[in-house]
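Take a look at the structure below.
The values are calculated or read from the model by the stated rules, or taken from the named source; none is laboratory data. Fair warning: this is a prediction, and the values are worked out from it, not measured in the lab. As a convention, Cβ positions derive from the backbone with ideal geometry for all residues, glycine included, and neighbour counts pool all protein chains shown. Surface accessibility is based on the protein's heavy atoms, side chains included, excluding ligands, DNA and RNA. Shrake-Rupley method; radii C 1.70, N 1.55, O 1.52, S 1.80 Å.
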Amino acid sequence: IHNLTWNIFQVREKIGYALKDMPEHPEVRELLSGSNINFFNCIKIVEILKETEKDSKNFFGQYGSQRMTDWKEVLRLYENDNIYIAEASQLLIQAVVYELPGLKKQITKVL
């Protein structure tokens with residue numbers, strides 16, 4: 001457990017660092033407006049950066065942009081020890097425990 005906690009800390013630290021230099025893009029702004037950046041948000045950010053940073057590719061097809069390097073490092077850290085699976089399960093549990101009962105209440109009010 002201690003190792004997992006340390007790895008999560010490293011991911012969060014790297015995300016904080018990467019957030020300091022983000023492009024002005026409507027989808028990125030929308031992703032960052034949420035309360036917590038998760039693995040799936042990071043994947044979307046990398047996909048957006050593939051478009052916004054495509055001019056920084058070198059002869060070998062690698063991105064020269066520090067932004068892309070930072071976000072790819074975030075994904076690598078997530079995939080190390082499968083941290084993204086633990087985070088995804090936490091999101092699923094949160095949805096089942098909190099969001100589904102709330103939706104059921106809204107449905108019964110409408111009906």
Exercise. Quick one: what pairs do we get from region 86-98, first residue touching a residue at least 40 places away in the same chain (Cβ under 8 Å), second open to solvent by less than 100 Å² (accessible area, probe 1.4 Å), C-beta under 6 Å, 6+ apart or different chains?
Worked result: Glu87/Asn38; Glu87/Phe39
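Quick grid of which residues meet (1) modelled with pLDDT under 90; (2) under 26 Å from Ile8 (Cα atoms); (3) open to solvent by less than 50 Å² (accessible area, probe 1.4 Å):
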site	(1), (2), (3)
Phe59	yes, no, no
Gly64	yes, no, no
Thr69	yes, yes, no
Arg76	no, yes, no
Ile83	yes, yes, yes
Ile93	no, yes, no
Tyr98	yes, yes, no
Exercise. Which pairs do you get when a residue that is farther than 16 Å from Arg76 by Cβ and among the β-branched types (Val, Ile, Thr), found in region 29-50, comes within reach of a residue that is part of a helix (DSSP H, G or I) and open to solvent by 100 Å² or more (accessible area, probe 1.4 Å), reach meaning Cβ atoms under 9 angstrom, with the pair 6+ apart or on two chains?
Worked result: Ile48/Glu27
